[in-house]
1. Output yes when any residue across region 48-64 is crowded, with 16+ Cβ neighbours inside 10 Å, out of contact with any Ser or Thr (no Cβ under 6 Å at 6 or more places or on another chain) and without any contact (Cβ under 8 Å) to a residue 12 or more places away in the chain, and no when none is.
2. Go through region 82-103 and give me each residue that's farther than 15 Å from Leu54 by Cβ and out of contact with any strand residue (DSSP E or B) (no Cβ under 7 Å at 6 or more places or on another chain).
3. Of these, Tyr91, Tyr100, which one is within 20 Å of Ala30 (Cα to Cα) and crowded, with 19+ Cβ neighbours inside 10 Å?
Amino acid sequence: MKLHGRTALALICAACITPLAHAADCAALAKQAEAEAPAFSPPSSYIVGGAGRLYFHTAPGPACRDNNVFVIPNDRLAGYAEFHGYISVMYLNPGSLKSYLGWVEAKRLQYQGSLAPYAPPK
């Protein structure tokens, strides 16, 4: 199949624009979720259930998956808000102490209770 002039240019431009449009859609969705999702107060504690990797998303939607950040079963997460079947979470890697923020699918999380503020014993 031979592509000519405008057709080839249109395909090249579409390939360049699609990732930009995707990023804009995810940014808009993240902004919407931030404005509309009720926050957990206090934050909640979760354990990852199911099998395999649970990928983080930059926004609460399937198209916004970050293929570089994931947790595995039995990892512990702090949850902050829920929106459209996703929960805003933070994961603290116990080895590196590096933290990761994002959205994960709620159906893979097992609620463990609230993360109440620490009160030292009297």
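Every number in this text was worked out from the coordinates using simple rules, so none of it is lab data. Treat the numbers as computed from the prediction; the structure is a model and nothing was measured. Note that each Cβ is placed from the backbone with ideal geometry, even for glycine, and that neighbours are counted across all protein chains shown.
1. no
2. Keep residues of region 82-103 that are farther than 15 Å from Leu54 by Cβ, which gives 82-84, 92, 94-99.
Glu82, Phe83, His84, Pro94, Gly95, Ser96, Leu97, Lys98, listed by residue number.
3. Going through Tyr91, Tyr100 in turn, the sole match is Tyr91.
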